[in-house]
Amino acid sequence: MELLYPFPREELATLIRGYPGLREIVWVQEEPRNMGPQKFMLPQLRELVGPEVTYATSGDRSARARPKGTRAAHQAEQARIVATALSV
């Protein structure tokens, strides 16, 4: 999603209705739990589709004040995020 506010409720509802076999929505976020929009998005999505919305990040990337400092650490976390999202 690119636009969080105003929340595109109708557009998302229309998109979701286009997938009649949809069983679950996974919110995937690169940022640590204390950053990014997940605290805003999960309630909004659950209001649209119910509790079938789950949250995935890098095996729950912990809250922290700044990103990890090395390229290798960042790449390893990115790989875990993608693997987690695809396995949910």
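Only the coordinates and a few stated rules stand behind these numbers; no lab work does. Please read all numbers here as calculations on a predicted model, not as lab measurements. For neighbour counting, all protein chains shown are included, and Cβ atoms are generated from backbone atoms with ideal geometry for every residue, glycine included.
Length gain on complete extension for the stretch Leu15 to Phe40, per 0.36 nm per residue less the alpha carbon to alpha carbon distance?
Length gained between Leu15 and Phe40: 7.1 nm.
Determine the sum of side-chain charges near Glu24: Lys and Arg each +1, Asp and Glu each -1, restricted to other residues whose C-beta is under 13 angstrom from that of Glu24.
Spelling it out: positives minus negatives among the neighbours equals +1.
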